[in-house]
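The values are calculated or read from the model by the stated rules, or taken from the named source; none is laboratory data. A quick note: this is a predicted structure, and the numbers were derived from the prediction, not measured. No Cβ is skipped: glycine too gets one built from the backbone with ideal geometry, and neighbour counts run over all protein chains shown. Protein only, heavy atoms only, side chains kept; ligands, DNA and RNA dropped before computing areas. Shrake-Rupley method; radii C 1.70, N 1.55, O 1.52, S 1.80 Å.
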Amino acid sequence: MIVNTSFNVRGEPIVCTPHDAYLCFMRTEMDVLCMEDYILYKSEQKALVNDTEWKERYQLD
């Protein structure tokens with residue numbers, strides 16, 4: 001298990017909401033996301049469609 005205490009993708013702001021956490025989860029190579037009483041498996045999620053503009057919004061450091 002990896003616990004990232006500053007949950008975000010490099011260059012993006014830190015995750016602040018469950019929605020932010022879900023988007024970060026879906027855009028990365030994470031397999032599982034645990035939030036409070038929920039465990040989400042990427043293999044059980046619908047893929048994000050047309051979700052590419054975020055890559056251009058933040059410059060990597």
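Number of residues in the range 30-56 that are open to solvent by 90 Å² or more (accessible area, probe 1.4 Å), modelled with pLDDT under 85 and under 14 Å from the mean Cα position of the chain (by Cα): the value is 1. Selection of first residues in the range 24-42 that are in a loop (DSSP other than H, G, I, E, B) and of second residues that are at pLDDT 90 or above and not hydrophobic (A, V, I, L, M, F, W, C), restricted to Cβ pairs under 6 Å at least 6 apart or on distinct chains, gives the following pairs, ordered by first then second residue: Asp31/Lys42.
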